Every structure is written in structure tokens, then in C-alpha cells.
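What follows is a set of notes on a single structure, which appears directly below.
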Amino acid sequence: MVKDVLADTALQFQTLYSVGLNKTDLNVRVMAQSFLQACGDAAILYYLTLGCFNGPGMANGGASSSPGASSPGSVWEGDTGEGYGIWVFGTAVYTNMVTAMLMKVALLHNSWSTYAFGVMAFSVALYWGFVMLYGSFEPVGDGFAATWLASYEFYYAP
Amino acid sequence: MLFDLFLLPYFFPVFTLHDASDAPPLANGLVVDGPSLSLILGTSHEKLLLELACSCAAVVACRVSPAQKQLIVKMVKEGLPNKPITLSIGDGANDVPMIQEAQIGVGISGKEGRQAVNSSDFAIAQFRFLEPLLLVHGRWNYRRIAKVVLYSFYKNIVLTIVLLWWTMDCGYSGQSLYESYIYAAYNFFLGLPILFLGIFDQVCSHFLSLNLPYSLSCTYSFFLSLSVEHKFFDSIGAPSSFTLLSYILTFLFFFSNVCFILC
């Protein structure tokens, strides 16, 4: 039900129909531009989060510390190449990515309806709720008798 | 509404409108009947007929068979250099071949049965609904689909390219960056907003749409022209704002005890 102009307007000024005839909104050039922009945005999202995650930690050889502490750890622990907190870093990247995509949708909106607000809020709540709940508990034990304990470290990522 | 009211007096002078009256009028008309078409279609005269038809405002083909109707549509569809998109509209069984031949087939449900409707892409109740079907709903849907398609590709490319950067960073070791369930739920988190955008979004309000209709070549409001037509926010504003938000949030959480306090 997207309406950039009203029905009466579109009927009165029929050259508005040229949007479709000229294929201005969806063509090879527009798609290539969108793909390139996606690649650039992906690089920004990834390396920005990486820079934040490594941060001053790289100054002391990437010595790790617990995430959320005043001095962040490195994705790679020291010079050993061993991974530290990969899912913490990954979930941070993911959170930035989801936030960026929701912002992109918000910018694409030309008008806001109650449904649009509701769905945006629902998506945000869905993501944060899922990550918080899923990251908080881990089944310990077998089958239905599993005990759920807070354990995943990426709980702290978002 | 307030937004529109404020912008209206300031940006009205730059508004230019291109009406259909800009096109030069075609004064000629052509009537061709079935027996004549049987001599023309399928021969070298077909191209001459097409050239003649292009110089006319309207061409009426009368007393033609269903097969000839189909051939006329095919002649236009394939004979012109710019490969036009054709639309056929009919209400009877004899219109079915041409409805199926055209890229867009429209059937009218009426007294002549439902064969045309059943074989068409779109069905309408009266012929007068063709105009809003094309000029209003067709246009709206084109812009909706364009947005949804572009965004759907965009968000999945971002997801994939981030993994590419990560893969290069870890020496192509195949290390997973995301936890598997979170990774799999990407389109669950982001599927609904674009779906509802494709259903409910409107470029301008009722007031602005009625008072300032525009075409692609016009700029009627500063912000709309930046965000919608010139893709300013798409190309510069959006990545910049994403970057800023990502940086601030990530920095805040990794360089402070905020998340522990919150938890």
C-alpha cells in the first residue's frame, strides 16, 4: 500500500507513470549501486567494530581482559593467534549490522503508520530479547532434565 | 502535515510539472479490418503497417479473429526497436490468445463469461478501472517492489560481505563469526519491517500529494528530494549515520562497564 502520490494525482498527471516505463527505480545500474554500497557498508560495520573491540588492548600486545571491562580484549589473544571472545565480537558486529539495517528501513520509510512503528519496535524487541535470553542460558544435563544456566559470554556483546 | 505545511511556501517555486500535454498530439487514426490483416500479417507489409500505426493516435482493428488479435500484439511486442511492454484487455473467450500474448493481460468479468478473467494477470470488473489499475496501482506497486527488492538484496549482501572480511582476517580458516542460531535468525529479525514498508509506506502526505504532484524531474521539497529522488541519504547520509551509531554504541559498551551495570 505504498502511495507516493494519491490516486487522483496520478490520474491527473499521467507522466508520473513514466517511473515504471523508464525503469528508474529498479534497473541494472541501481542494483549495482546498491550492491557496491552494501559491500562498503559491510566493511565499515566490520572494521569499525573490530577497531572498537581491539582498541587499546592492542597497545599492550592484545592482552585480553574480560569483555565489558574498562580495557577491552582483543579478538586475537596476544600473538598466539588463539581466538578470544569470538562470539562476543561476532555478536557485536551482528548487533551493529541489525541496527544499521533497521536504520536503513527507517530511512526508506516516507511515511510512518502505526503498523510501521509497531513492526520496527517488534523487530528491535525480538532481536534484543532473543540475544539476551539465548545468551543467558545454556542447557546443562541431558534432555528435558537440563538445567539452564547463564553462561554464554556473548550475552555481554549487545 | 506540519512538515508539508512548512515546506510548501519555500519550495513551491522550484516545482515544475510535466503534464501529458507536453507530448505532441497525433492527429491520425487507422482502421484496419480482419480480411485486410490476413493479407498483411506474416508478410513484408507487416513492418509498413507497424510504421503507419506508430504515426497514429489510435489504431482500431475490427472484424478480426482471435488469432489475428494475438498476432497484432506479437507484431507490436517484437517489431518495435524499443521493445515496448504490451497490455491486452478483453472480456470474452476470443480475447484469450491476445491476453496471453501480451506481457500484461487484463480480463474484464462480464456477460461473456470468465474465460478472459481466468487467463489474465489482472481481473477488473469494468473497463473504466483500467486507468487507475495502470496509472495508480501499477505505479505504486512498482515503487514498492523496487524498494523491497533492493533492500532485501542489500541486507543479505551486508551479512555475507562482513563474513568475507572476517574470513580474510582469520586466514581463511573457516572460523565462524556468528553463533549459529543468531546467524540463522537474521531474516527473522529484519523481515517484518521491510514487508510492512512495502505495504503501508507513503512518500507524501495526503495534503502534499494533492497540492504538489510531481514527476521525477521535479524537486518539490528539499528533504524529499534529497532522500527519495536523489538518494542522498542512501548514498552518503545512511552509511555515515550507521557508522556513527555503530562506533558510539560499540565504543560505549566495550570501553565501559555499561553492560554490566545494565545487567
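Just one residue in the set B:Glu46, B:Glu51, B:Glu131 is assigned to a helix (DSSP H, G or I) and under 23 Å from the mean Cα position of the chain (by Cα); that residue is B:Glu131.
Scanning the range B:150-170 for residues that are facing chain A (nearest Cβ under 8 Å), closer than 13 Å to A:Ala100 by Cα and not hydrophobic (A, V, I, L, M, F, W, C) turns up B:Tyr151, B:Tyr154, B:Lys155. In the range B:52-65, the residues that are closer than 18 Å to B:Gly79 by Cα and at pLDDT below 90 never reach a residue that is among the aromatic types (Phe, Trp, Tyr) and part of a strand (DSSP E or B) with C-beta atoms less than 9 angstrom apart, at least six apart or across chains. From the list B:Ser240, B:Ser180, B:Ser217, the one residue that fits, being farther than 13 Å from A:Lys104 by Cβ, modelled with pLDDT of 55 or more and more than 7 Å from chain A (Cβ to nearest Cβ), is B:Ser180.
Report those helices (runs of 4 or more DSSP H) wholly inside the range A:1-107 carrying at least 3 residues which are more than 7 Å from every other protein chain (Cβ to nearest Cβ) and either at pLDDT 80 or above or over 29 Å from B:Glu179 (Cα atoms) (or both).
On the way: elements: A:7-12, A:18-21, A:28-54.
Once the helices (runs of 4 or more DSSP H) in the range A:1-107 are filtered for at least 3 residues that are more than 7 Å from every other protein chain (Cβ to nearest Cβ) and either at pLDDT 80 or above or over 29 Å from B:Glu179 (Cα atoms) (or both), what remains is A:28-54.
Taking every residue in the range B:25-48 that is within 18 Å of B:Lys77 (Cβ to Cβ) and pairing it with any residue that is of a type in the set (Asp, Glu), at least 6 positions away or on another chain, the pairs with Cβ-Cβ distances below 8 Å are B:Ile40/B:Glu46.
For the range B:51-67, the criterion of being surrounded by 13 or more Cβ atoms within 10 Å (Cβ to Cβ), assigned by TED's automatic domain parsing to the domain that holds B:Ser88 and of a type in the set (D, E, K, R) is met by no residue. For the range B:79-88, indicate whether the set of residues that are farther than 26 Å from A:Val19 by Cβ and either in contact (Cβ under 8 Å) with a residue 12 or more places away in the chain or part of a loop (DSSP other than H, G, I, E, B) (or both) is non-empty. No: the range B:79-88 contains no residue that is farther than 26 Å from A:Val19 by Cβ and either in contact (Cβ under 8 Å) with a residue 12 or more places away in the chain or part of a loop (DSSP other than H, G, I, E, B) (or both). Reported count of residues in the range B:92-124, each being modelled with pLDDT under 90 and more than 19 Å from B:Leu71 (Cβ to Cβ), is 7.
The values are calculated or read from the model by the stated rules, or taken from the named source; none is laboratory data. Quick caveat: nothing in here was measured; it's all calculated off a predicted structure. Cβ coordinates were reconstructed from backbone atoms using ideal geometry, including for glycine residues, and neighbour counts include every protein chain displayed.
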